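Trainee: Submitted below is the structure of interest, expressed as structure tokens.
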Amino acid sequence: MPFEPVQQEKLSQSVIRQIEGLILRGILRPGERLPSERELSERMSVSRPSLREALADLQGRGLLTSKAGAGVYVADVLGSAFAPALVTLFATHDEAVFDYISFRRDMEGLAAERAARLASDTDLKVIDAIYEKMELAHQKRNPADEAHLDADFHLSIIEASHNVIMLHMMRSMYELLREGVFYNRTVMFKQRMTRDTLLDQHRVINDALQNRDPVGARQAVETHLNFVEGALSDQQKADRNEAFAQKRLEHEVGR
């Protein structure tokens, strides 16, 4: 018969599996500091030797990293998603910007559809809480905060879709976006009419998710990213026109 004796798992292995699960699910994020050894051992009800053994194993496999005098952190496991040379190509070729938006439209539309069907009530509360923060930031007219919350909002939808492969892939893509590799989102949030439109679009997305409307959620995300694509195209045209206007001005003044 295909049965084997059940072996009692070492406490350190239980700790390893729990921390691995938190990293895999995106609850513990790259760069996040773990609680102190004393606090962590108390929370997990394990001895410090068992905890140290587990942390050493996770550090040896590159999931955690320690900083002298600062503690233990989740490693930047996303850092190798794209080679530096490829990131430079992304940043210097406009076609990559629009391919990036097209990719996001496909992936995030699917994520929104899945989230509307599969998200727990708690998942939806997280999304709604971030949207409420977006409304407050909008009232304060803080473009940097709005841009940051925009990323958090979209990532919370991906988290609520409960697909860990999509989660880590899209989180990696968003890190590049935060760093301004594809385009400067803060510029978009500085324009009043654009800011108002973006907030309204995020409201429509949130409403569809809260109402558990998969088709509506996907359509709302696609509409939103179509708008972003158009706004970026218009901005690029405006920048090119301004460059030529500056040349005409310089030429006229110099005549």
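Trainee: Quick test for you: out of E175, E146, E113, E108, pick the one residue that is open to solvent by 30 Å² or more (accessible area, probe 1.4 Å), part of a helix (DSSP H, G or I) and either under 23 Å from Q210 (Cα atoms) or without any contact (Cβ under 8 Å) to a residue 12 or more places away in the chain (or both). Even if it seems obvious, please write down each step before you answer.
Mentor: On the way: E175 fails: either under 23 Å from Q210 (Cα atoms) or without any contact (Cβ under 8 Å) to a residue 12 or more places away in the chain (or both); E146 fails: open to solvent by 30 Å² or more (accessible area, probe 1.4 Å); E108 fails: open to solvent by 30 Å² or more (accessible area, probe 1.4 Å).
Selected residue: E113, the only one of E175, E146, E113, E108 that is open to solvent by 30 Å² or more (accessible area, probe 1.4 Å), part of a helix (DSSP H, G or I) and either under 23 Å from Q210 (Cα atoms) or without any contact (Cβ under 8 Å) to a residue 12 or more places away in the chain (or both).
Trainee: Something else now. Of (1) open to solvent by less than 50 Å² (accessible area, probe 1.4 Å); (2) not in a helix (DSSP H, G or I), T65 satisfies all except one. Which?
Mentor: Single failed check for T65: (1).
Trainee: Something else: Can you tell me which residue is nearest to the chain's Cα centre (by Cα) among those in the range 86-130 that are modelled with pLDDT of 90 or more and among the polar types (S, T, N, Q)?
Mentor: Of everything passing the filter in the range 86-130, S102 is nearest to the chain's Cα centre (by Cα).
Trainee: In the range 120-136, which residues are open to solvent by less than 40 Å² (accessible area, probe 1.4 Å) and over 18 Å from H168 (Cβ atoms)?
Mentor: Taking the range 120-136 first, the residues open to solvent by less than 40 Å² (accessible area, probe 1.4 Å) are 123-124, 127, 130-131, 134.
Across the range 120-136, the qualifying residues are L124, I127, I130, Y131, M134.
Trainee: Still on this structure, please answer the following. Being open to solvent by less than 90 Å² (accessible area, probe 1.4 Å) and closer than 20 Å to I127 by Cα is the filter here, so list the residues in the range 216-255 that pass it. It would help to see each step written out before you state the result.
Mentor: Of the residues in the range 216-255, the ones open to solvent by less than 90 Å² (accessible area, probe 1.4 Å) are 216-218, 220-233, 235-236, 238-239, 243, 245-246, 254.
Once the filter is applied, which keeps residues that are open to solvent by less than 90 Å² (accessible area, probe 1.4 Å) and closer than 20 Å to I127 by Cα, the range 216-255 yields G216, A217, R218, A220, V221, E222, T223, H224, L225.
The values are calculated or read from the model by the stated rules, or taken from the named source; none is laboratory data. Quick caveat: nothing in here was measured; it's all calculated off a predicted structure. FYI the Cβ positions are ideal-geometry reconstructions off the backbone, even for glycines, and counts take in every protein chain you see. Only protein heavy atoms, including side chains, enter the accessible area calculation; ligands, DNA and RNA are left aside. Shrake-Rupley method; radii C 1.70, N 1.55, O 1.52, S 1.80 Å.
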